[in-house]
Amino acid sequence: MKIIRDLEAAKSLLLGHSTAEFAEALPVVKQRIREIFDEDISPDEAVRRILTEVRTRGDHALLDLGRKIDGMGLAQLEVTKGEIAESYKKVDKDLVSALQLAAERVHTFHLTQKQKLGLDFVEKGLGFLVGALERVGIYIPGGRAYYPSTVLMTAIPAKVAGVPEVIIATPPAPDGTVPAPTLVAADIAKVSRVFKVGGAQAIAALAYGTKSIPKVDKICGPGNIFVTLAKKQVYGTVAIDGLHGPTETVIIADDSANPVFCAADLLAQAEHDEMASAILITPSPRLADEVSEEVKRQLAKLERRIVAKQSLEQNGAIVVVTNIDEAIQLVNLYAPEHLCLMIKDARSYLSRIRHAGGIFIGTPEALGDYTAGPSHVMPTGRTARFSSPLSVLDFLKISILIDLSDKDLKSLGPATATIARAEGLIAHAVSIEKRLEQLGKGGVGE
């Protein structure tokens with residue numbers, strides 16, 4: 001891994017790190033668009049065309065795009081209850097048990113979060129009424145890989161929030177089926193329906209609705225560049241949880257850290273894909289050198305070493321700083337998805353960390369990916385500066401309650417009418433003044 005010893009160079013690296021815009025320029029993305037559309041168009045335009053197709057032609061467009069984009073000649077879009085029941089026979093019992101354990105912990109964490117929030121209140125005639133969204137669509141990446149953990153991390157918070165209907169869209173495997181572990185996870189999470197459709201066309205179907213796939217109120221979950229752009233374009237028609245880009249981890253480590261653990265955690269991040277970012281920041285030149293060497297040793301034995309190697313070469317780095325203060329300065333600048341603290345007295349620094357999706361104190365980030373409890377769907381691409389990890393809050397909405405008395409009307413009415421007249425909204429003022437007049441006669445406001 002490259003070692004950076006200059007603070008300004010480190011800042012430049014972090015501010016210019018891989019983003020969705022970089023993904024749009026990748027040769028593989030341009031080539032894929034050329035194969036599908038027989039011309040060179042931007043990813044934005046490609047997605048716009050797909051959205052229009054699905055919006056106007058519904059299921060027919062989904063089936064046609066499935067054949068054109070994925071080579072899938074599907075007979076039906078929805079996974080049957082029988083297929084879900086059969087999936088348990090295809091999944092190792094240890095994996096089923098592991099998914100059940102993870103589901104229990106995710107459920108417990110988010111139920112506790114919901115109970116602690118206590119958002120409902122009415123005080124002096126004013127308050128919040130909190131309710132769950134009616135129908136949520138969750139995108140689960142798939143195709144050649146499968147991610148049952150993401151099913152649990154997205155669907156369970158929605159169910160805990162009280163969403164009555166949770167729908168999953170996921171690309172089918174090359175044989176036209178949804179991988180059995182994904183279906184088992186969907187069943188454990190009590191998902192309502194599962195559809196075999198991926199990419200921008202899945203986002204379009206969830207946003208606009210088709211004969212087979214109902215329109216949802218919000219779309220959640222990570223995906224590739226086309227999914228991300230589609231979520232961006234349908235926002236406003238539906239809500240979205242965020243725009244998820246390449247995954248990121250920053251480790252702050254000092255002399256007390258174990259270089260073997262540091263290297264292992266960096267590689268755990270790098271193996272996601274070529275655009276993943278794995279960065280170590282340390283005030284210890286010795287640790288920097290040891291981790292760099294340890295990464296080489298562990299990388300040679302890694303099954304996904306080609307992917308991890310490319311990720312580290314393109315986006316990885318070890319940054320040597322003067323002290324922990326400089327390390328935190330870089331973290332707040334970068335606002336990483338994951339921040340791992342492998343330093344003495346780590347908790348004493350928490351109040352100074354302003355921007356990070358998830359903070360791990362001596363805990364391997366992989367534990368958070370699967371079984372810790374909080375959702376692993378977190379903000380990327382510096383969006384941790386203004387957004388949060390997925391939680392029950394993503395599936396709740398608030399109605400303001402105003403139930404003021406005649407006494408309040410007498411107190412607030414004159415000022416209300418004055419402001420309304422100043423803004424030229426005379427009918428607003430009159431609506432108040434008529435009630436005040438009635439109250440002055442001893443009547444009751446209506």
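The values are calculated or read from the model by the stated rules, or taken from the named source; none is laboratory data. Fair warning: this is a prediction, and the values are worked out from it, not measured in the lab. Methodologically, a virtual Cβ is constructed for each residue, glycine included, from the backbone with ideal geometry; neighbour enumeration extends over all protein chains shown.
Summary of values
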read-out	value
Among residues of the range 324-353, those that are surrounded by fewer than 16 Cβ atoms within 10 Å (Cβ to Cβ) and either among the basic types (Lys, Arg) or farther than 21 Å from LEU7 by Cα (or both), counted	7
From the options ASP92, ASP64, residue that is modelled with pLDDT under 95 and either assigned by TED's automatic domain parsing to the domain that holds LYS231 or more than 26 Å from ASP187 (Cβ to Cβ) (or both)	ASP64
Count of the range 24-33 residues which are surrounded by 13 or more Cβ atoms within 10 Å (Cβ to Cβ) and over 23 Å from the mean Cα position of the chain (by Cα)	3
Test: GLY424 is free of Cβ contacts under 8 Å to residues at least 40 places away in the same chain and in a loop (DSSP other than H, G, I, E, B)	yes
Failed item in (1) over 16 Å from the mean Cα position of the chain (by Cα); (2) at pLDDT below 95; (3) at positive phi, with GLY242 passing the rest	(1)
Selection from the range 354-383 of residues that are touching a Lys or Arg at 6+ places or on another chain (Cβ under 9 Å), among the aliphatic types (A, V, I, L, M) and either outside any loop (DSSP other than H, G, I, E, B) or surrounded by fewer than 17 Cβ atoms within 10 Å (Cβ to Cβ) (or both)	ILE361
Selected residue (only one of SER431, SER387 is surrounded by 12 or more Cβ atoms within 10 Å (Cβ to Cβ), of a type in the set (Gly, Ala, Ser) and touching a helix residue (DSSP H, G or I) at 6+ places or on another chain (Cβ under 9 Å))	SER431
Unmet criterion (only one of (1) surrounded by fewer than 17 Cβ atoms within 10 Å (Cβ to Cβ); (2) within 19 Å of LEU266 (Cα to Cα)) for GLY424	(2)
Of all residues in the range 283-323 being under 26 Å from SER387 (Cβ atoms) and buried (at least 18 other Cβ atoms within 10 Å of the Cβ), the one that is farthest from the chain's Cα centre (by Cα)	VAL319
1 or more residues among the polar types (S, T, N, Q): qualifying strands (runs of 3 or more DSSP E) within the range 212-321	248-253, 277-282
Selected residue [farther than 19 Å from LEU15 by Cα and buried (at least 24 other Cβ atoms within 10 Å of the Cβ)] from ALA263, ALA268, ALA278	ALA263
GLY118 vs. criteria of a type outside the set (A, V, I, L, M, F, W, C) and either without any contact (Cβ under 8 Å) to a residue 40 or more places away in the chain or more than 16 Å from LEU152 (Cα to Cα) (or both)	yes
Failed item, numbered, when GLY137 is tested on (1) surrounded by 20 or more Cβ atoms within 10 Å (Cβ to Cβ); (2) free of Cβ contacts under 8 Å to residues at least 24 places away in the same chain	(2)
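So that you can scan it fast, the table gives a plain yes or no per residue for (1) in contact (Cβ under 8 Å) with a residue 24 or more places away in the chain; (2) under 23 Å from THR228 (Cβ atoms):
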position	(1), (2)
LEU350	no, no
THR363	no, no
ASP394	yes, yes
SER405	yes, no
